Amino acid sequence: MIGLRRFAGIAAIALMSFSSAATAESLADTLVAAYRHSALIEQNRAVLRAADEDVAAAIAQLRPVVQWTASHTVTRSENLLGYTTARSTSLQIGAQMTLYDWGRSQLAIDSAKEQVLATRQGLVAVEQDILLAAAVAFFDIKQATERVALQQNSVEVLTRERQAAQDRFDVGEITVTDVALADAQLAETQAGLASAQGDLQIAREGYLAATGRFPDRLDAPPPLPRLPASVDEARAIGQRNHPLISQAQRQAAAAELGVAAAAAERNPTFTGNIGAGVTRSPQNQFGGTGEYDNRNSASVGLELNQTIYSGGRLPAQHRRAMAVRDQQRANLLNVARQISQQVGESWANIDVARAQIGAIDEQIAAAQQAYNGVREEAALGARTTLDVLDAEQSLLEARADKITAEANLQLAHYQLLAAMGRLTVEHLNLGIPTYDPSQYYNAVRDAPYTSKQGESLDRVLRAIGRN
């Protein structure tokens with residue numbers, strides 16, 4: 001019976017261990033949760049859909065505009081016979097279409113398409129920011145957890161040191177000053193533990209904001225991502241792949257088209273129109289027989305117009321477009337320089353963290369040896385309690401520094417991936433479906449009257465309004 005109970009206890013412990021391991025959060029889990037939880041990504045997807053509709057609106061400018069007008073008029077007037085009332089009802093329908101505008105509408109379409117492509121790249125940049133924030137939250141949790149464990153271990157060690165100091169004081173080997181030093185060091189370490197626990201709680205809140213949930217337990221970080229052969233190669237990858245650079249390039253192209261469109265505003269516009277209507281009015285406005293007169297009408301026309309003088313509006317718009325073009329060119333150059341700087345800084349941070357870890361490992365080994373030696377010498381009366389406490393504090397600080405350096409090394413790798421434009425769901429192979437920016441665009445780019453996507457979006461907006 002005892003054997004069965006012992007076996008059941010071992011099985012329960014094994015099952016609990018397996019369950020705990022199964023619920024542990026990996027870095028990939030954290031990134032996936034952040035991607036699915038982010039409201040900022042949803043916001044920018046809506047911005048992209050709005051840009052898609054701008055293309056549809058620009059295309060619609062080349063299509064006919066059909067309008068109808070219904071009117072009913074009552075006129076009361078005074079004459080020699082008294083007052084008379086005249087009534088008239090009309091219904092008109094007409095269509096107007098731009099036949100040729102010397103490229104102005106096509107420039108607007110091309111500019112809207114460039115803005116769509118720029119907005120898509122902006123969405124990728126937001127995705128990178130969300131994933132990097134999730135990585136920061138993950139490593140903050142890992143670092144804070146290890147610091148809490150380190151401080152807890154230090155509190156336990158100093159508690160024993162303090163009790164040993166009290167025992168030695170009781171037998172007259174040391175003075176009350178040594179006991180007070182041990183008390184002070186223990187209190188300082190307990191304060192450090194409270195601070196570390198507070199940092200862990202703050203890190204948990206950051207994780208909640210990034211992923212929408214608190215972490216139960218985090219797995220060890222995965223192997224470090226592979227790096228390019230050199231910092232110059234990393235910079236070249238960043239210049240080719242970073243979404244902010246691609247976005248700035250598209251915005252510059254749209255600004256160039258904007259200059260051409262502003263110049264084209266001075267060109268003529270050739271339009272055609274067609275209309276038909278019917279007007280119904282009484283034959284006898286004095287109330288006579290009550291018969292009505294129906295008059296039908298139809299018209300077809302062509303119109304060519306051009307602005308001769310605009311009071312300076314068109315030249316001002318042209319100059320403004322050129323200023324916007326210059327702004328976007330400068331922005332492209334500035335963004336490219338910033339990305340190059342980010343790559344260089346991340347690369348340097350990796351080198352610094354690696355060098356720090358190597359030096360700190362040597363520091364920890366030396367501090368551990370010194371601590372062990374000081375404790376033995378103190379037991380023989382050759383060292384004071386203060387010497388033991390100083391040695392223990394040096395070892396604690398070295399171990400804490402290594403925790404920080406290891407977290408910095410991990411984070412610097414993901415910062416470098418972001419700077420190279422590779423911190424995306426697709427490049428990281430996270431194995432989840434991603435947003436297809438072309439799906440909505442393909443549905444609305446030809447400016448349909450309605451679409452399945454549009455109907456779905458309308459239902460969502462109505463549901464939000466009801467809530």
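Where a number appears in this text, it was derived from the coordinates with a stated rule and is not lab data. Quick caveat: nothing in here was measured; it's all calculated off a predicted structure. Positions of Cβ are generated from backbone atoms using ideal geometry, with glycine treated the same way; all protein chains shown enter the neighbour counts.
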Applying the gyration tensor rule to the Cα atoms of the range 70-171 (axes a ≥ b ≥ c; rounded if a/c under 1.5, else prolate if a/b exceeds b/c, else oblate), the class is oblate
Along the range 169-179, Karplus-curve 3J(HN,Hα) (6.51, -1.76, 1.60; θ = phi - 60°) to the nearest Hz, with x for Gly and Pro, reads 5, 5, 9, x, 7, 10, 9, 5, 4, 5, 5
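Using a Förster distance of 25 angstrom, determine the FRET efficiency expected from the C-beta separation of GLU397 and VAL352, and round it to 0.05. Walk me through the numbers before you get to the answer.
Details: r = 18 Å, r/R0 = 0.74.
It comes to 0.85.
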FRET efficiency (ALA184, GLN152; Cβ distance; R0 25 Å; to 0.05) is 0.85
Amide H contacts under 5 Å for LEU218, restricted to residues at least 5 apart in sequence or on another chain and with H modeled in the peptide plane, are GLU25
Here the relative contact order (percent) of the chain, from C-alpha pairs under 8 Å and at least 6 apart, is 23
The set of residues whose placed amide H lies less than 5 Å from the amide H of TYR100, leaving out same-chain residues fewer than 5 positions away, is PHE270
Karplus ³J(HN,Hα) for the range 37-53 (6.51 cos²θ - 1.76 cosθ + 1.60, θ = phi - 60°; Hz, whole; x = Gly/Pro) runs 8, 5, 7, 5, 5, 4, 4, 6, 5, 5, 4, 5, 4, 5, 5, 4, 5
Helix 385-419 sits off the longest principal axis of the Cα atoms of the chain, rounded to the nearest 10 on a 0 to 90 degree scale, by 30
Hits in the range 365-393: amide N under 13 Å from the 7 Å Cα→Cβ extension of THR177, namely 384-387
Summing -39500 (n - 2.57) over every DSSP H run of at least 4 in the chain, dividing by its residue total and rounding to the nearest 500, the 222 nm mean residue ellipticity is -24500 deg cm²/dmol
Scattering profile of the chain from the Debye formula, Cα beads only, expressed as log10 I(q)/I(0) at q = 0.09, 0.10 Å⁻¹, is -0.88, -0.99
Simple spin-label estimate for GLN166/ASN79, 7 Å along Cα→Cβ, in nm, reads 12.0
If the chain between ARG280 and TYR435 were fully extended at 0.36 nm per residue, the gain over the current Cα-Cα distance would be 50.2 nm
Packing-ranked peptide list from 61-69, 291-299, highest mean Cβ count within 10 angstrom first, is 61-69, 291-299
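Which of TYR83, TYR440 has the fewest other C-beta atoms within 10 Å, and how do the rest follow up to the most?
On the way: TYR83 8, TYR440 20.
The most exposed by this proxy come first: TYR83, TYR440.
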